[in-house]
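Okay, structure first, notes after.
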Amino acid sequence: MPPASLTFFTRLLAQKGQPLLIAGPCSAETEAQVLATARGLQALGTIDLFRAGIWKPRTRPGSFEGMGAVALPWLQRVKAETGLPTAIEVATPRHVEDALRHGIDVLWIGARTTVNPFAVQELADALAGTGMPVMVKNPVNPDVALWAGALERLERAGSTDLVAIHRGFSTFAPSRYRNAPTWILPIELKTRFPHVPLICDPSHIGGRRDLLLPIAQKALDLDYDGLMIETHPDPDHALSDAEQQVTPARLGEILAELKYRRRSTDNADYNSKAEELRQKMDVADREIVEALARRMALVEELAQYKKANNVKILQLDRWHEIFASRPEWAARVGVDEKFVGELYKLIHLESIRKQTEVLNGRPVDGVAHLGPGL
Ligand code: PEP
Ligand code: MN
C-alpha cells in the first residue's frame with residue numbers, strides 16, 4: 001500500500017497502475033438518470049471516479065443550465081450505493097462551499113473558468129486548507145500559460161492534489177473536432193508540471209461518439225494518466241452534449257477496445273534494437289543540424305551580396321519556388337508533404353531573420369517570438 005500521505009490522485013494511480021477512469025453524465029438531470037448511470041459504471045468494475053455537471057456554463061442563456069444544488073444529494077446517493085467517489089464542476093466559491101457540505105470528493109474547474117484569473121484566484125482561496133483534489137481543465141483558448149497559471153494559483157494557495165484535464169481548444173478554422181486537441185500544448189504543460197497527472201477528455205475534444213476511441217487511444221499512447229468520458233443511460237435524449245455521450249455499456253466496449261501499452265519492457269531484444277535505432281537517429285539528426293548550418297551559412301553569404309547591391313530581403317518568386325519544390329521532393333522520398341511545408345516555413349523565417357540582421361546590423365526576434373501559429 002502506498003503511504004497515506006499520498007494524495008487522492010497519486011494514491012489511485014499507484015494502486016491501479018493503469019490509467020484513471022472518470023465517467024458520468026455531462027449534466028445531472030434527474031436522480032434516476034444519475035443513479036442509472038452510476039450503477040452502469042459500477043458494473044464495469046474499472047471506473048475510479050463519477051463525474052456530473054450540476055452548474056453548467058452554457059454558451060447561450062436559455063439552454064439547460066444544470067439542476068444546481070438540488071442535485072448534490074443525488075451524488076451522495078451515488079457514493080452510498082455504488083462506493084464511487086464523486087466529482088462536480090465548480091465556478092464560484094459558493095459552489096465550493098455547497099460541494100464541501102455535501103461530501104463531494106473531487107472538484108473540477110471548467111474550461112470557461114480557467115480562462116479567468118480572477119475567478120481561478122477566488123476558487124484557489126476558497127479551496128485553501130480544504131485538502132480537496134482539484135482537476136483543472138485547459139482554457140478554451142490555446143494558451144498553455146493560462147492553464148499553467150491556474151495550476152500555479154492553486155498550488156500557491158496550498159492545493160497539492162491537482163490534475164490537469166485536456167479537453168481541447170476552440171478554433172476559428174473548420175475542424176473535424178469540436179475542440180482541436182493541439183497535442184503539443186498538453187505535452188508542454190506536462191513538461192512544466194511533471195508531478196501533475198494529465199487526463200484526456202475525448203468527449204469534449206471530439207464532440208462525437210465515433211471519435212472517442214481514436215482520441216482516447218492517442219492519449220494513452222502519449223502517456224496520459226487517465227481518461228474522462230461522458231456517459232448517459234439515454235445519450236440521444238441527454239439535456240446537454242447529447243452527440244458525444246455514450247451509455248455505460250458502450251463505454252465498457254470502448255475501454256475493452258483500447259490498447260494499453262506499457263512505458264517500457266524488460267525484453268532484451270526490444271531494448272537493444274530500440275537503442276540501435278535511436279543511435280542511428282542521433283546520427284541522422286546530427287546530419288540534419290549540419291545541413292541546416294551549411295544552409296544558413298549560404299543565407300548569410302547571400303545577405304552580404306544583397307546588402308552590397310541594395311536588394312530587398314523577401315523575394316516572392318523565391319518563396320513560391322521553395323514552397324512548391326520542397327514538399328514535392330519530400331513526397332518523392334515518402335516524407336509527408338505538409339510536414340515539410342511547415343518545416344520550410346520555419347526555415348524560411350529563420351533565413352529572413354538572419355538576412356535582416358546582416359542588412360540592418362541589429363538582432364531581431366527569432367521564430368520563437370512569433371507565437372504558436374507563427
Ligand atoms: C463538462 O465537462 O461537461 C464541461 C462543461 O466541460 P468544459 O469545461 O471542458 O467545456
Ligand atoms: Mn459536457
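The values are calculated or read from the model by the stated rules, or taken from the named source; none is laboratory data. Remember, it's a predicted structure, so these values are computed and weren't measured experimentally. Here the Cβ is made from the backbone with ideal geometry for all residues, glycine too, and neighbour counts use every protein chain on show. These accessible areas exclude ligands, DNA and RNA; they are computed on the full protein's heavy atoms, side chains included. Shrake-Rupley method; radii C 1.70, N 1.55, O 1.52, S 1.80 Å.
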Residue-wise, which Karplus ³J(HN,Hα) couplings in Hz belong to the range 270-277, taking 6.51 cos²θ - 1.76 cosθ + 1.60, θ = phi - 60°, and x for glycine or proline? 4, 5, 6, 5, 4, 4, 4, 5
Step by step: find N for the range 40-124, compute 2.2 N^0.38 Å, then divide the Cα radius of gyration by it. What's the final number? 1.15
Using heavy-atom solvent-accessible surface (probe 1.4 Å) with all chains present, what is the largest-first order of THR160, THR171, THR114, THR182? THR160, THR171, THR182, THR114
Can you give me the accessible area per residue for the chain, using a 1.4 Å probe, in Å²? 53
Expected field for PHE339, accessible surface area in Å² at 1.4 Å probe radius, rounded to 10, holds 110
Heavy-atom accessible area of the range 8-257 with neighbours in place, 1.4 angstrom probe: carbon+sulfur share in percent works out to 55
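Tell me the net charge near GLY66. Cut-off is 10 Å between Cβ atoms, GLY66 excluded, with +1 for each Lys or Arg and -1 for each Asp or Glu.
Counting the neighbours of GLY66, the net charge comes to -1.
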Add +1 for every Lys or Arg and -1 for every Asp or Glu among the other residues with Cβ under 14 Å from the Cβ of PHE323, and state the total. -1
P(r), alpha carbons of the range 270-370 - 5 Å bins starting at zero, rounded %: 2, 11, 15, 19, 19, 13, 9, 5, 3, 2, 1, 0
If you restrict to DSSP beta bridges whose two residues both lie in the range 8-257, what percentage is antiparallel, to the nearest 5? 5
Summing +1 per Lys or Arg and -1 per Asp or Glu among the other residues with Cβ less than 9 Å from GLY168's Cβ gives +1
Show me, for the range 337-348, the HN-Hα J-couplings you get by feeding each phi into the Karplus relation (A = 6.51, B = -1.76, C = 1.60, θ = phi - 60°), rounded to Hz, glycine and proline as x. 5, 4, 4, 5, x, 4, 4, 6, 4, 5, 5, 5
Mean-position separation - Cα centroids, the range 205-242 and the range 116-153, in angstrom: 23
Calculate, in whole percent, how much of the Cα-Cα pair population of the range 210-341 lies beyond 18 Å. 77
Just from its helices, what would the mean residue ellipticity at 222 nm be for the chain, if runs of 4 or more DSSP H residues each count -39500 (n - 2.57) and the sum is divided by every residue, rounded to the nearest 500 deg cm²/dmol? -16000 deg cm²/dmol
Keeping all protein chains in place and using 1.4 angstrom, which order do THR191, THR59, THR92 fall into by accessible surface area, from largest down? THR59, THR191, THR92
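Tell me, what % of the accessible area of the range 270-370 is carbon and sulfur with a 1.4 angstrom probe?
Numbers: 4350 of 7700 Å².
Whole-percent figure for carbon plus sulfur exposure: 56.
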Mind putting together the pair-distance distribution for the chain? All Cα pairs, 20 Å bins, whole percent per bin, short to long. 24, 47, 24, 5, 0
